[in-house]
Amino acid sequence: MDVGQLKERIAEIEAGIAANVCDIDTADALRGLETAVLGKQGTLGSLVKTIKDYPPDQRGHVGKVVNDAKGRVKAVIEQRHRELEAADASADAADAEAFDPTLPGIREPMGSVHPVTAVQWEIERIFERLGFTVEAGPEMETEYNNFEALNIPATHPARDMQDTFWLKSGMVLRTHTSPVQHRAMLKFGAPLRVIVPGRCFRYETIDASHDNTFHQVEGLMIDRGISIPNLIAMAKTLLYEVMQHEVEIRVRPGYFPFVEPGIEIDMNCQICGGAGCPTCKQSGWLEILPAGMVHPNVLEAGKIDTEEFTGFAFGLGLTRLAMMKYGIGDIRVLNSGDLRPIVSPDRLGGPVIAGQVGSGTKR
Ligand code: PHE
């Protein structure tokens, strides 16, 4: 090729590079291009070898033409290198700007504790201070534990007081937490102080104050010389601590086969202040704490020496107490999807972990 053709060829190569270099966006690809053009086998680089083929008087000129072209291409490639580096640096800077470690974090919405759970935890703490331990028992119970051991034989009319869900196996969904009295007596013997928070089930027609699933806290204290005044003192302390103010109570006789005598401790309705409302059925009072002295038959079934020991028991209506405390007028709200918080979870200490009476786990 003569010098004219050579110059055309070089112009073509340079035009091709100028047209494409802007599309190359990695340093590796750019180095690839450099080799393909300027390398010994490259489109321009390989022209160096042809210089010697020109007549001696042209070689100097041809050499200059080729080298000048190589120089320009090198400059174009270096310029593109600098552009890529600058783009990388500004992307890094943008990233650094997007992450500002001094900004406050985004607060995720936090769940809250169910009102019944909140009152349960509080009650567990109150009774712990009074020397009680927290126990738990199964929600599916034997007929014997739910009834017989509590002085309610099969023919006893009191069985009708508790509308029971019977399971095909002959077991029951416990209708109260009282069966754990029996379990605790067998497990620990006397003297004994336990509370048992738990879910109970009854075949009830649901209305504003009845649900088929509700919570109780059973309490049992067995020792030498226990009598009704201990029970009443304990009830007053409990209600005072939960409500954080003095609560008026009244005591009525009540009947439960597993206590003798049996009493009902009512509290002044906290929804209406005693004036009368649907929640207290216009009476101004709410049955909150059925209780009594443990029946000797129950102590005996629990292998407690009735000559030496007496005890009181109560079955606190936990669901009802939570409703009183938080001014919830309708029990159905509690098992609904109502997520309104009653108290922030970090203000509550968390549960006292209950042992399973009868399953061998002890706290
Ligand atoms: N278990 C009784 C009930 O659910 C309540 C109760 C417990 C009464 C302990 C007296 C003593 O109706």
query = Looking at Val66, Gly32, Ala93, which one has the Cα that reaches farthest to the positive end of the dipole of segment 3-98 (charges on Cβ: Lys, Arg +1; Asp, Glu -1)?
reply = Val66
Rough spin-label spacing in nm, given labels placed 7 Å along Cα→Cβ, for Asp25 and Glu108 = 3.5 nm
task = Kindly report the accessible area of the chain per residue (heavy atoms of protein chains, probe 1.4 Å, no ligands, DNA or RNA), in Å².
result = 53 Å²
task = Keeping the other protein chains in place, figure out the carbon and sulfur percent of the accessible area of segment 115-348, with a 1.4 Å probe.
result = 52 percent
Amide hydrogen neighbours beyond the local backbone of Phe312, cut-off 5 Å, H modeled = Met221, Val294
Accessible area (Å², 1.4 Å probe, nearest 10) - Thr142 = 50 Å²
key: Neighbourhood net charge (13 Å Cβ-Cβ; Lys/Arg +1, Asp/Glu -1) for Leu167   = -1
ask   = Cα-based Rg of segment 41-126 per 2.2 N^0.38 Å, rounded to two decimals?
value = 2.99
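In deg cm²/dmol, rounded to 500, what helix-only [θ] at 222 nm does the chain give when every DSSP H run of at least 4 residues adds -39500 (n - 2.57) and the total is split over its residues?
Working: 9 runs with 133 residues, N = 363.
Result for the chain, helices only: -12000 deg cm²/dmol.
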task = Can you send over the solvent-accessible area of Ile13, 1.4 Å probe, protein chains only, in Å² to the nearest 10?
result = 20 Å²
query = Which FRET efficiency value, to the nearest 0.05, is calculated for Asp330 and Asp100 with the Förster distance at 41 angstrom and r the Cβ-Cβ distance?
reply = 0.30
key: Separation between Cα centres of segment 145-173 and segment 234-275, rounded to whole Å   = 26 Å
query = With charges only on Cβ, +1 for K and R and -1 for D and E, what is the dipole size of segment 3-98 about its Cα centre, in debye, rounded to 20?
reply = 960 debye
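If you roll a 1.4 angstrom probe over the protein chains with everything in place, what fraction of the accessible area of segment 3-98 belongs to carbon and sulfur, to the nearest %?
Carbon and sulfur atoms account for 55 percent of the accessible area of segment 3-98.
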ask   = Which of Leu150, Leu130, His176 sits closest to the plus end of the dipole of segment 121-208, meaning its Cα is farthest towards the positive end, when Lys and Arg get +1 and Asp and Glu get -1 on the C-beta?
value = Leu130
query = By DSSP, what percent of the beta bridges with both residues in the chain are antiparallel, rounded to the nearest 5?
reply = 90 percent
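The values are calculated or read from the model by the stated rules, or taken from the named source; none is laboratory data. Keep in mind that this is a model prediction, so the values were computed, not measured. Backbone-built Cβ (ideal geometry, glycine too); neighbour counts: all protein chains shown. Please note that ligands, DNA and RNA were not included when accessible areas were found on the heavy atoms of the full protein model with its side chains. Shrake-Rupley method; radii C 1.70, N 1.55, O 1.52, S 1.80 Å.
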